[in-house]
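Here's a structure for you.
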Amino acid sequence: MNYTTTALEDWVTNWYKHNRIMTPNELMDLKHIALRHDIFLHKKPIKARFDLVGRYKGIILDSRESIEIQREQFFHELCHILRHCGHQSMMPEAFRQLQEWDARHFTLYAALPSHMIENYDFNETSIVEILAEDFKVRKELVVERLEKIYRNQRYQNKKFYSEKLVYA
């Protein structure tokens with residue numbers, strides 16, 4: 001894969017490697033991932049959210065949703081706990097939007113980490129289905145992740161060729 005990772009992807013990969021999470025199978029046990037950071041994981045028929053109260057850290061997943069959506073919810077809320085501070089209801093709208101943007105991208109990278117997908121054959125005609133099955137995520141999330149990779153590759157290739165023309 002000819003792909004330059006983003007700073008956030010590198011952060012996620014380093015976090016996984018530090019916690020010795022190296023394969024898609026190790027991503028399946030969300031409770032285990034949460035407990036590595038003393039985060040309690042609950043499933044209830046309410047909207048997904050995270051809670052920080054004193055030393056208590058918790059993530060609530062919406063039990064009415066599919067397992068794939070619950071996984072996305074988990075990574076989204078995990079991002080807020082690991083990377084963000086402050087209560088969104090008490091911050092400026094632009095800052096809240098920035099945190100949501102970060103959590104959305106974190107979800108893509110945490111659900112389909114670059115160090116785990118780099119050995120897949122992206123030219124395989126059923127790559128979307130393969131990744132969705134192996135990582136237990138929705139196909140829509142896989143497509144979004146692959147589109148980001150392809151856009152990055154096109155940008156890197158354009159940059160390479162334009163630099164080559166400048167120096168030729």
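Mind checking which residues of the range 1-30 are open to solvent by 50 Å² or more (accessible area, probe 1.4 Å) and within 15 Å of residue 78 (Cα to Cα)?
11, 28, 29
Residue 122 - would you say it is out of contact with any Cys (no Cβ under 7 Å at 6 or more places or on another chain) and at pLDDT below 95? Write out each step before concluding.
Working: out of contact with any Cys (no Cβ under 7 Å at 6 or more places or on another chain): yes; at pLDDT below 95: yes.
Here the answer is yes, as residue 122 does meet what is asked.
Of everything in the range 36-57, what is within 20 Å of residue 69 (Cα to Cα) and open to solvent by 30 Å² or more (accessible area, probe 1.4 Å)? Give them in sequence order. Don't jump to the end; show me each part of the working.
Of the residues in the range 36-57, the ones within 20 Å of residue 69 (Cα to Cα) are 39-51.
Within the range 36-57, 40, 42, 43, 44, 45, 46, 47, 49, 50, 51 meet the criteria.
Could you pull out the residue among 142, 128 that is under 12 Å from the mean Cα position of the chain (by Cα), farther than 15 Å from residue 11 by Cβ and not small (Gly, Ala, Ser)? Don't jump to the end; show me each part of the working.
Details: 128 fails: under 12 Å from the mean Cα position of the chain (by Cα).
Just a single option satisfies the conditions, and that option is 142.
Here's a follow-up. Testing residue 95 on (1) in contact with a Gly (Cβ under 9 Å, 6 or more places away or on another chain); (2) at pLDDT 90 or above; (3) of a type in the set (A, V, I, L, M, F, W, C), one condition comes back false. Which one is that?
(2)
Is it the case, given these coordinates, that residue 150 is hydroxyl-bearing (Ser, Thr, Tyr), assigned to a loop (DSSP other than H, G, I, E, B) and at pLDDT 65 or above? Full working, then the answer.
Numbers: hydroxyl-bearing (Ser, Thr, Tyr): yes; assigned to a loop (DSSP other than H, G, I, E, B): no; at pLDDT 65 or above: yes.
No; evaluated as a whole, the condition is false for this residue.
Can you tell me how many residues in the range 114-137 are touching a residue at least 24 places away in the same chain (Cβ under 8 Å) and open to solvent by 70 Å² or more (accessible area, probe 1.4 Å)?
Going through the range 114-137 one residue at a time, the tally reaches 2.
Which one of these does residue 8 not meet: (1) at pLDDT 95 or above; (2) in contact with a His (Cβ under 6 Å, 6 or more places away or on another chain)?
Evaluating residue 8 over (1) at pLDDT 95 or above; (2) in contact with a His (Cβ under 6 Å, 6 or more places away or on another chain) leaves (1) as the failure.
Right, another one. Out of the residues in the range 97-142 meeting the condition of being part of a loop (DSSP other than H, G, I, E, B) and among the hydrophobic types (A, V, I, L, M, F, W, C), tell me which one is nearest to residue 81 (Cα to Cα). Show your work before the answer.
Our first condition is that a residue be part of a loop (DSSP other than H, G, I, E, B); within the range 97-142, this holds for 112-113, 118-126, 136-138.
Next, only the ones that are among the hydrophobic types (A, V, I, L, M, F, W, C) stay: 112, 122, 137.
On the way: 112: 19, 122: 32, 137: 21 Å.
Filtering the range 97-142 for residues that are part of a loop (DSSP other than H, G, I, E, B) and among the hydrophobic types (A, V, I, L, M, F, W, C), the one nearest to residue 81 (Cα to Cα) comes out as 112.
The values are calculated or read from the model by the stated rules, or taken from the named source; none is laboratory data. Because the structure is predicted, anything quoted here is derived from the model rather than measured. When we count neighbours, we look across all protein chains shown, and the Cβ atoms used for this are built from the backbone with ideal geometry, even at glycine. Ligands, DNA and RNA are stripped out before the accessible areas are found, and what is left, the full protein with its side chains, is counted by its heavy atoms. Shrake-Rupley method; radii C 1.70, N 1.55, O 1.52, S 1.80 Å.
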